Amino acid sequence: RVTTSLQRYFGAVTVYPDMPSLKAAKPDVMVVVDARSQLMTSRSSDIESTVSTLFYDHHFNYIATATGHAAKTLPPIWAGNKRSEEMVTEITEQQQVQLMALHRFEQSLHEVLAPSKATSEPLSLRLP
């Protein structure tokens with residue numbers, strides 16, 4: 001979904017398997033994606049998800065960041081005491097936290113990459 005969001009602004013997105021391939025391609029803009037999720041465990045009912053992208057120019061100079069984060073604390077997990085409906089609900093809530101982080105990421109991405117109203121340029125990176 002992050003790639004799809006970036007394609008809306010850049011048209012084409014290429015994923016490179018390693019840094020030598022990236023350097024050899026010499027793209028105009030590079031994006032480093034960091035996506036993390038902490039789901040429920042037997043020790044913790046705290047769930048959170050973060051999606052972050054850092055933008056760099058072709059000289060590896062930092063340009064901007066777009067980030068989305070969401071978190072929620074669920075009741076303590078004791079699977080042996082829960083009905084299957086309750087467990088399904090908690091799994092759904094974990095998915096909703098991940099979706100909310102993606103939604104907030106897309107909002108942040110729009111703020112960073114929105115077309116400039118002052119010019120006719122299709123894309124302008126605005127520093128945070």
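Key figures for this structure:
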read-out	value
Pick from the range 66-98, criterion touching a helix residue (DSSP H, G or I) at 6+ places or on another chain (Cβ under 9 Å), modelled with pLDDT under 90 and not hydrophobic (A, V, I, L, M, F, W, C), ranking: surrounded by the most Cβ atoms within 10 Å (Cβ to Cβ)	Lys82
In the range 21-65, the residues that are out of contact with any helix residue (DSSP H, G or I) (no Cβ under 8 Å at 6 or more places or on another chain), of a type outside the set (A, V, I, L, M) and open to solvent by less than 70 Å² (accessible area, probe 1.4 Å)	Ser21, Pro27, Asp34, Thr41, Ser44, Ser45, Tyr56, Asp57
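The values are calculated or read from the model by the stated rules, or taken from the named source; none is laboratory data. Owing to the predicted nature of the structure, the values given are computational and were not obtained by experimental measurement. No Cβ is skipped: glycine too gets one built from the backbone with ideal geometry, and neighbour counts run over all protein chains shown. What goes into the accessible areas is simple: the full protein's heavy atoms, side chains included, and nothing from ligands, DNA or RNA. Shrake-Rupley method; radii C 1.70, N 1.55, O 1.52, S 1.80 Å.
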